[in-house]
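Remarks on the structure that follows.
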Amino acid sequence: MTKLSELAKTIRSKNAGVDKITFDIIFTDRAIYKKVLASQAVTAAKISSLYGIAQERIADFVEYDPGCAIKFTIYRNAPSGSAGDSDIFGAQQYAPLLDIDVPV
Amino acid sequence: MSLVRIICPNGHLGFAPLKIDSFLRGVDANPDFIAADSGSDDIGPVPLGSDTSTSPEVWQRQDLEAMLLAARRIGVPMIIGSSGDTGTNSRVDRYVAMIKELAAKHSLAPFKLGYFYSEVSKERVRQAIGSSEPVLGLDGRESLSEKELDATDRIVAMAGVHPFRQLLEEDCDVIIGGRSSDCAIFAAAALHRGAAEADAYYLGKVLECASFCAEPYGAKETVLGAIDDGGVTVTAMHPDQRCTIASVAGHAMYERSNPYDEFVAGGRLDMRDCHYTQIDPRTTRVTGQRFEPAKRVRVKLEGSGKVGERFVGLASVRDPYTIANIDAVIAWAKAQVVERFGADGYELHFNIFGKNGVMGDMEPVKTPAHELCIVVQGVAPTVEMAEELCMTGTRQLFYARLPEVKGTAGGVAFVLDEVLKASPAYRWTVNHTLAVDDPLELFPTHTLTVGA
């Protein structure tokens, strides 16, 4: 098992408009990217379980070959910057992805 | 031979200052345009709703000065979109005033300044709500209702390339834009030089955040984009940065739901078949992009409405028994607020850092940290009520009654024995699109001559 953070070059989150947060997992090595895809360690179902959210909250889940990247986007519970929102930019929601175990 | 070359020194002009060394390298490369975006909805609904900037004026002025002096020195147009973080009319006026002041300060030779507004009246939007073409919601929102419109204080429309092209056709040397699609600022310049739409919009897409499309990570550095022979190239100007296949392709994903589509007023950039080639260590070339014009022009609207006045309080906890029972502590404080103010007519929020503070319900780590910081927000119709509401919610954390707590002299630690007046609370009320017959309708343009 290897942590996703050891395999990916970039793991980040950021607003995609005011109602969504998008997550990018970017690899520099295409072979590793393909292995991670094949391992099924990062799928919409896994994200749903890891974040404890219904799959309907995942707006997009894309395996992006030109960028060697996995990208998914979730709907916010309330628009960015509403009172009580703790992450106006959506920039710190990626942390749980770092420790995903990948069987490679 | 390039059809057009554009440098971008900053991904959000004003939010943090540009880095001058790579900017001057970019200027020395003799671009045809110097352009930057100055706004974002990332900053939350407060600046738009309250018609303020989130950026210090000194930083805005510094970047405008660097860009204006360079553009006039090499004789190329300078283009700014989404002026002053939100692109409201007051922010456009402020940037126009700064350009005039900077021209006088440096005794610049006369030049033509063009600017356009992008605020939309609520009445214009109301007409559409009742028409055969409703104001359609984005990102899962329903069509705009009159109730949500009534709750809105200010609306800006997001310009596509149209007002920028109009002002370029009028030979403007400096363009100050209202709210704009980031990529349209650059695409307009490329289209003005005869580029194909697909290349123009991709160029805009890759340049909009300046060095975010380069590696290693380092923001606010200049990048240079060009169009030649049906392709787009992008080159890092900082000597230690490179635009690589990974960094450029990776940037195509940045801040959008999926990596393939970029929607603007007037169409959609399709990046599904983009092909990336490294042509020198600092430059990547992109081909294969497509552009699909829209059958009907729909303009994105952003609107923000005031929720109430706001105060913020801070409290911290170290006692492990109190931490284990923090929900009871919060419940006590809330109950005291209800006793004083009733159950509604205000908002009270507790963000508990150390226990799901950043991620809320999405946090997979269920064990709290050994110390917690609680940020309390009280939002109410008046300043007086918001202050007392927040004070009650914060101070009653101190008096929470836990049956077995050993420390009975005070349940939390205070960094400040007061609550702080914050910006009023706003919320995004409008994230919708409005159909228009004339793509210039919402973006009236103006020109004037500036300088000696």
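Okay, here's what the table says:
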read-out	value
Label point at B:Lys366 placed 7 Å out along Cα→Cβ; residues across segment A:45-85 whose backbone nitrogen lies under 16 Å	A:49-53
Spatial extent of segment A:1-83: Rg and Dmax, with the Cα atoms as the point set, Å	13.3, 44
Accessible area (Å², 1.4 Å probe, nearest 10) - B:Ser132	110 Å²
Residue-wise HN-Hα coupling along segment B:271-281, computed from phi with Karplus coefficients 6.51, -1.76, 1.60 (Hz; x: Gly, Pro)	10, 4, 10, 5, 10, 10, 9, 7, 9, 7, x
Distance (nanometres) between label positions extended 7 Å along Cα→Cβ at B:Glu441 and B:Glu142	2.5 nm
Global geometry of segment B:298-424, whether rounded, prolate or oblate, following the gyration tensor of its Cα atoms and the 1.5 cut on a/c	oblate
Partner chain coverage, peptide B:426-437 - average Cβ within 10 angstrom	2
B:Thr449-A:Leu98 FRET efficiency (beta carbon distance; Förster radius 51 Å; 0.05 resolution)	0.35
Mean-position separation - Cα centroids, segment B:78-125 and segment B:1-65, in angstrom	13 Å
Restraint check, A:Lys71/B:Lys366; A:Lys14/B:Lys334; B:Lys220/B:Lys295, Cα-Cα greater than 29 Å	A:Lys14/B:Lys334; B:Lys220/B:Lys295
For B:Leu314, solvent-accessible area (1.4 Å; no DNA, RNA or ligand), Å²	50 Å²
Amide N of segment B:253-280 lying under 14 Å from the label point, which is placed 7 angstrom from the Cα of B:Ala294 along Cα→Cβ	B:262-269
Bridge type composition, the protein assembly as shown - antiparallel percent by DSSP, nearest 5	85 percent
Interface size A-B, as summed buried accessible area [1.4 Å probe, Å², nearest 100]	3400 Å²
Accessible-area order (highest first, 1.4 angstrom probe) of the listed residues B:Asp150, B:Asp63, B:Asp139, B:Asp437	B:Asp437, B:Asp150, B:Asp139, B:Asp63
Projected label distance in nm at B:Ile20 and B:Glu384, using a 7 Å step from Cα toward the beta-carbon	5.1 nm
Test item: A:43-54 mean partner chain Cβ contacts at 10 Å	1
For B:Leu13, distant residues with modelled amide H under 5 Å away	B:Asp37, B:Ser38, B:Gly39
3J(HN,Hα) from dihedral phi, segment B:356-364, Karplus parametrisation 6.51/-1.76/1.60, rounded to Hz, x for glycine, proline	6, x, 8, 10, x, 5, 7, 6, x
Extension gain, B:Ser107 back to B:Thr408 (0.36 nm per residue minus Cα-Cα distance, nm)	101.4 nm
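The values are calculated or read from the model by the stated rules, or taken from the named source; none is laboratory data. None of the values given here were measured: they were computed from a predicted structure. Neighbour counts are summed over all protein chains in view; Cβ atoms, including those assigned to glycine, are modelled from backbone coordinates with ideal geometry. Protein only, heavy atoms only, side chains kept; ligands, DNA and RNA dropped before computing areas. Shrake-Rupley method; radii C 1.70, N 1.55, O 1.52, S 1.80 Å.
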